[in-house]
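A.B. asks: The structure under discussion is supplied below as structure tokens; questions concerning it will follow.
The values are calculated or read from the model by the stated rules, or taken from the named source; none is laboratory data. Quick caveat, the model's predicted, so the values are computed rather than measured. So basically every Cβ, Gly included, is an ideal-geometry build from the backbone, and we count neighbours across all protein chains shown. Note: areas computed on protein heavy atoms with side chains; ligands, DNA, RNA excluded. Shrake-Rupley method; radii C 1.70, N 1.55, O 1.52, S 1.80 Å.
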Amino acid sequence: MNVLVINAGSSSLKYQLMNPETGDVSAKGLCERIGIDGRLTHKVGDKKVEKDIAMPTHSEAIAATLAILQDAEHGVIKSVEEIDAVGHRVVHGGMEFSDSCLIDDAAIKAIEKCIPLGPLHNPANLMGIEACRSIMPNTPQVAVFDTAFHMTMPAKAYRYAIPTNYYEDDNIRRYGFHGTSHKYVARRAAALTGKTEFKMVNCHLGNGSSMAAIKDGKCMDTTMGLSPLAGVPMGTRSGDIDACVVQFICNKHNISVDECLNMLNKKSGVLGLSNGLSSDFRDLEAGAADGNEACVLALEKFYYEVAKYVGAYAAALNGIDVLTFTAGVGENGVATRQAVCEYLSFMGVKIDAEKNNVRGKKTLISTPDSKVQVWVIPTNEELMIAQDTAEIVNAAK
Ligand code: AMP
């Protein structure tokens, strides 16, 4: 089966053509500068081709993607008929979606209903969906939501302690994000440990970071909230913050709530703490090694907050069996994993320094006598989207 995985942003569109059973990627690429001029980067194995192609809208980007996939020189398929299904990443499924779903008119309406919750992403995701539906009307399309995995959280985890009407009338609650990654890693952890009933915390640590408390494969709690701003400090996001900070800054600096939120989303996190030096952990580690105290603090704050959440989730789950690290920093950040696990020695977490010296490879890094198995598990959101898509399309046949 060939699944085309589409991740449409406001001016870009990423694609991968893959086999959901084997995970083999036959081609992948990126359409950029949609609505400006248009640029396509297409990769087949190690071969890369770049082309300037006019892309006034997402429709031309999808058309360019399908054309290059069938191209005599750079293509991997002979006809669009060889694409069995399309899987779309959709950021916010609100309370409408607790699972991936086949896209029809009703699903489109429900995704539109979630636009107020995901105002930056959902409209772009919809543009990708609409473009594919019009160009490939006979190919089944599936929506896979970043929020859906978290819909198993109990009310005590997802409700905010504010008056009920904001939940009932406005759907204000914790949703959580990176759900496709958390779901993928939870499944991989089950396969790697041979367990089906177990408690784990997954640390998805990248430029955006979130953590999830997972019991028997189901999400029980997660760090991000109504938006991806909440939780641990991130590359440029503050993470959890007292709402009164917003009021204070807006009043003191005479800026709007939107301007303040922009600062909290784009100029904060480890970038803010390092005095604007970098949001990239490699730069911060280099700065800290050179004695830059702001970099030291940025890293220490990050390690501390990640470890605190593991402790909180271990309490929420009444103990954990498995701790997993994934995404850019989780997969590659040797120092991050070591620092976080040092905090967790009180609960019997022990890692092997040599095994931990690994980047981007599935590895059990805990010692045999550790009370918690600690794994590095590379995430693969595209494969999870392709697998969900295949499952749903096959079930509908
Ligand atoms: P992601 O958002 O998952 O793509 O993760 C991106 C982040 O991973 C970057 O901002 C880097 O800070 C981090 N990263 C990538 N490679 C390394 C590395 N070798 N050591 C530490 N952090 C890394």
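A.B. asks: For the structure I just gave you, tell me whether Met234 is outside any helix (DSSP H, G or I), touching a Pro at 6+ places or on another chain (Cβ under 9 Å) and touching a residue at least 12 places away in the same chain (Cβ under 8 Å).
C.D. replies: Values: outside any helix (DSSP H, G or I): yes; touching a Pro at 6+ places or on another chain (Cβ under 9 Å): yes; touching a residue at least 12 places away in the same chain (Cβ under 8 Å): yes.
Against the criterion (outside any helix (DSSP H, G or I), touching a Pro at 6+ places or on another chain (Cβ under 9 Å) and touching a residue at least 12 places away in the same chain (Cβ under 8 Å)), Met234 qualifies.
A.B. asks: Can you name every residue in region 152-169 that is open to solvent by 50 Å² or more (accessible area, probe 1.4 Å), assigned to a helix (DSSP H, G or I), more than 24 Å from Lys215 (Cα to Cα) and not β-branched (Val, Ile, Thr)?
C.D. replies: Asn165, Tyr166, Glu168
A.B. asks: One residue is enough: does region 214-230 have a residue meeting the conditions touching a helix residue (DSSP H, G or I) at 6+ places or on another chain (Cβ under 7 Å) and within 16 Å of the ligand (Cβ to nearest atom)? Don't jump to the end; show me each part of the working.
C.D. replies: Within region 214-230, the first condition is being touching a helix residue (DSSP H, G or I) at 6+ places or on another chain (Cβ under 7 Å), and the residues that meet it are 214, 217-223, 229.
From what's left, within 16 Å of the ligand (Cβ to nearest atom): 223, 229.
Yes, some residue in region 214-230 is touching a helix residue (DSSP H, G or I) at 6+ places or on another chain (Cβ under 7 Å) and within 16 Å of the ligand (Cβ to nearest atom).
A.B. asks: Go through (1) within 16 Å of the ligand (Cβ to nearest atom); (2) touching an Asp or Glu at 6+ places or on another chain (Cβ under 9 Å) for Ala327 and report which single condition fails.
C.D. replies: Looking at each condition in turn, Ala327 falls short on (2).
A.B. asks: Taking region 188-209 only, how many residues are assigned to a helix (DSSP H, G or I) and open to solvent by less than 70 Å² (accessible area, probe 1.4 Å)? Step through it out loud before you land on a result.
C.D. replies: We begin by selecting, within region 188-209, every residue assigned to a helix (DSSP H, G or I); these are 188-193.
Next, only the ones that are open to solvent by less than 70 Å² (accessible area, probe 1.4 Å) stay: 189-190, 192-193.
Result for region 188-209: 4.
A.B. asks: Quickly run through region 81-121 and pick out the residues that are among the aliphatic types (A, V, I, L, M), at pLDDT below 95 and in contact with a helix residue (DSSP H, G or I) (Cβ under 9 Å, 6 or more places away or on another chain).
C.D. replies: Selection gives nothing.
A.B. asks: Given the options Asn292, Asn251, Asn275, Asn265, name the one that is farther than 19 Å from Asn202 by Cα, more than 12 Å from the ligand (Cβ to nearest atom), within 19 Å of the chain's Cα centre (by Cα) and not charged (D, E, K, R).
C.D. replies: Asn265
A.B. asks: Based on this model, can you work out whether Phe325 counts as over 18 Å from Thr193 (Cβ atoms) and crowded, with 23+ Cβ neighbours inside 10 Å? Before the answer, list the steps.
C.D. replies: Working: over 18 Å from Thr193 (Cβ atoms): no; crowded, with 23+ Cβ neighbours inside 10 Å: yes.
Criteria not met by Phe325.
A.B. asks: Which residue pairs have Cβ atoms closer than 7 Å, lie 6 or more positions apart in sequence or on different chains, and pair a first residue in region 374-396 that is farther than 30 Å from Tyr343 by Cα with a second residue that is aromatic (Phe, Trp, Tyr)?
C.D. replies: Note: pairs meeting the criteria are Leu383/Tyr184; Met384/Tyr184.
A.B. asks: Here is a check on your reading of the model: is Val185 of a type outside the set (Ser, Thr, Tyr) and touching a helix residue (DSSP H, G or I) at 6+ places or on another chain (Cβ under 6 Å)? Talk me through it step by step, then tell me what you get.
C.D. replies: Numbers: of a type outside the set (Ser, Thr, Tyr): yes; touching a helix residue (DSSP H, G or I) at 6+ places or on another chain (Cβ under 6 Å): no.
Answer is no for this residue.
A.B. asks: Scan region 189-214 and report the pairs whose first residue is touching a residue at least 12 places away in the same chain (Cβ under 8 Å) and among the acidic types (Asp, Glu) and whose second residue is away from the ligand (no atom under 15 Å from the Cβ) and open to solvent by 10 Å² or more (accessible area, probe 1.4 Å), with Cβ atoms within less than 6 Å and a gap of 6+ or a chain change.
C.D. replies: Glu197/Asp216
A.B. asks: Pick from Asn380, Asn394: which is within 13 Å of the ligand (Cβ to nearest atom) and closer than 25 Å to Thr196 by Cβ?
C.D. replies: Details: Asn394 fails: within 13 Å of the ligand (Cβ to nearest atom).
Among Asn380, Asn394, only Asn380 is within 13 Å of the ligand (Cβ to nearest atom) and closer than 25 Å to Thr196 by Cβ.
A.B. asks: Restricting to helices (runs of 4 or more DSSP H) lying wholly in region 239-357: which have 1 or more residues that are among the hydroxyl-bearing types (Ser, Thr, Tyr) and either at pLDDT below 95 or in contact with a helix residue (DSSP H, G or I) (Cβ under 7 Å, 6 or more places away or on another chain) (or both)? Give the steps one after another, and end with the answer.
C.D. replies: Details: elements: 243-253, 257-266, 269-273, 281-289, 293-316, 327-332, 334-343, 353-356.
Counting at least 1 such residues, we get 293-316, 334-343.
A.B. asks: Next up: In the set Ser209, Ser181, which member is touching an Asp or Glu at 6+ places or on another chain (Cβ under 7 Å) and within 16 Å of the ligand (Cβ to nearest atom)? Step through it out loud before you land on a result.
C.D. replies: Numbers: Ser209 fails: touching an Asp or Glu at 6+ places or on another chain (Cβ under 7 Å).
Just one listed residue meets the conditions, Ser181.
A.B. asks: Provide a single number: the residues in region 341-362 that are hydrophobic (A, V, I, L, M, F, W, C) and either open to solvent by 100 Å² or more (accessible area, probe 1.4 Å) or touching a strand residue (DSSP E or B) at 6+ places or on another chain (Cβ under 7 Å) (or both). Spell out the reasoning first.
C.D. replies: Initially, region 341-362 is screened for residues hydrophobic (A, V, I, L, M, F, W, C), giving 341, 344, 346-347, 349, 351, 353, 358.
Next, only the ones that are either open to solvent by 100 Å² or more (accessible area, probe 1.4 Å) or touching a strand residue (DSSP E or B) at 6+ places or on another chain (Cβ under 7 Å) (or both) stay: 341, 346, 349, 351, 358.
Residues meeting the conditions: 5.
A.B. asks: Of the residues in region 299-313, how many are in contact (Cβ under 8 Å) with a residue 60 or more places away in the chain and either within 16 Å of the ligand (Cβ to nearest atom) or surrounded by fewer than 21 Cβ atoms within 10 Å (Cβ to Cβ) (or both)? So that I can check it myself, show each step before the final result.
C.D. replies: Initially, region 299-313 is screened for residues in contact (Cβ under 8 Å) with a residue 60 or more places away in the chain, giving 301-302, 305-306, 309-310, 313.
From what's left, either within 16 Å of the ligand (Cβ to nearest atom) or surrounded by fewer than 21 Cβ atoms within 10 Å (Cβ to Cβ) (or both): 301-302, 305-306.
Residues in region 299-313 being in contact (Cβ under 8 Å) with a residue 60 or more places away in the chain and either within 16 Å of the ligand (Cβ to nearest atom) or surrounded by fewer than 21 Cβ atoms within 10 Å (Cβ to Cβ) (or both): 4 in total.
A.B. asks: Report, by residue number, each residue of region 1-36 that is among the hydrophobic types (A, V, I, L, M, F, W, C) and open to solvent by 20 Å² or more (accessible area, probe 1.4 Å). I'd like the intermediate steps shown before the answer.
C.D. replies: Here is the first cut: in region 1-36, the ones among the hydrophobic types (A, V, I, L, M, F, W, C) are 1, 3-6, 8, 13, 17-18, 25, 27, 30-31, 34, 36.
Of everything in region 1-36, those that are among the hydrophobic types (A, V, I, L, M, F, W, C) and open to solvent by 20 Å² or more (accessible area, probe 1.4 Å) turn out to be Met1, Val25, Leu30, Ile36.
A.B. asks: Something else: Sort out which residues of region 188-206 are touching a helix residue (DSSP H, G or I) at 6+ places or on another chain (Cβ under 9 Å) and either at pLDDT below 95 or away from the ligand (no atom under 16 Å from the Cβ) (or both), and write them in order of number.
C.D. replies: Here is the first cut: in region 188-206, the residues touching a helix residue (DSSP H, G or I) at 6+ places or on another chain (Cβ under 9 Å) are 195-196, 198-206.
If the condition is that a residue be touching a helix residue (DSSP H, G or I) at 6+ places or on another chain (Cβ under 9 Å) and either at pLDDT below 95 or away from the ligand (no atom under 16 Å from the Cβ) (or both), then Lys195, Thr196, Phe198, Lys199, Met200, Val201 are the ones that fit.
A.B. asks: Another question, then. Considering every residue within region 348-360, establish whether at least one is touching a residue at least 40 places away in the same chain (Cβ under 8 Å) and within 15 Å of the ligand (Cβ to nearest atom).
C.D. replies: Filtering region 348-360 down to residues touching a residue at least 40 places away in the same chain (Cβ under 8 Å) leaves none.
Within region 348-360 (the criterion being touching a residue at least 40 places away in the same chain (Cβ under 8 Å) and within 15 Å of the ligand (Cβ to nearest atom)), the answer is no, since none of the residues qualifies.
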